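One structure is given here, and the rest of the page talks about it.
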Amino acid sequence: LVYAFKRFEGRDWNNKYRGPLWIHSTQKKPTQEEIDYIEGQYLKFYKPHLGDDMPPFPERYITGHLVGKVDLIDVISLHEYEDTIPKKLKEPSDSAF
C-alpha cells in the first residue's frame, strides 16, 4: 500500500473508520523465495494492465517498523468491489470487505 503497487487491502470485517492509517511492516524477515513469489504475483497481475506505469519494487523490505501512512478512503463489500473497481486496478480477493 505504501509503495503504491498494492491498491486495495481485504479484510473479513467492516470498519467505520476513515482517515489516516499508519502501516507497520511485519516483524518476520521474508525469505528470498517469499519475496520472489510475491513480486512475481504482482508482475503477472499488473504488467499486462499497467505496463511501465507499475511502480518499482523496493530495493529492500524493512521489517518491524512504521513504513508509511495511507488515507483510508472507503470500505466496500466484495460485491461492490467486483461491480465498481475497473478491471485493470482489481486485485484478486476473497475477503468480505
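Key figures
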{"quantity": "Cα-based Rg and Dmax for the chain, where Dmax is the largest Cα-Cα distance (Å)", "calculated": "14.4, 37"}
{"quantity": "For the range 1-56: rounded, prolate or oblate by the Cα gyration tensor [a/c cutoff 1.5]", "calculated": "oblate"}
{"quantity": "GluC sites (Glu not before Pro) restricted to the range 1-91 and DSSP loop, no more than 12 other C-beta within 10 Å", "calculated": "Glu59"}
{"quantity": "Within-15-Å neighbourhood charge of Gly64 [Cβ basis; K, R +1; D, E -1]", "calculated": "+3"}
{"quantity": "Chain lengthening between Leu66 and Tyr42 when straightened (0.36 nm per residue, less Cα-Cα)", "calculated": "6.4 nm"}
{"quantity": "Aspartates and glutamates with Cα under 19 Å of Lys90, excluding same-chain neighbours fewer than 8 positions away", "calculated": "Glu9, Asp12, Glu39, Asp52, Asp53, Asp71, Asp74, Glu80, Glu82"}
{"quantity": "Total charge dipole magnitude, the range 1-53, about the Cα centre, Cβ charges on Lys, Arg, Asp, Glu only, Debye to nearest 20", "calculated": "340"}
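None of the figures in this text is laboratory data; all of them are computed from the coordinates on show. Every value quoted in this text rests on a predicted model; they were computed, and no experiment measured them. Don't worry about glycine lacking a Cβ; one is built from the backbone with ideal geometry, like all the others, and counts go over all protein chains shown.
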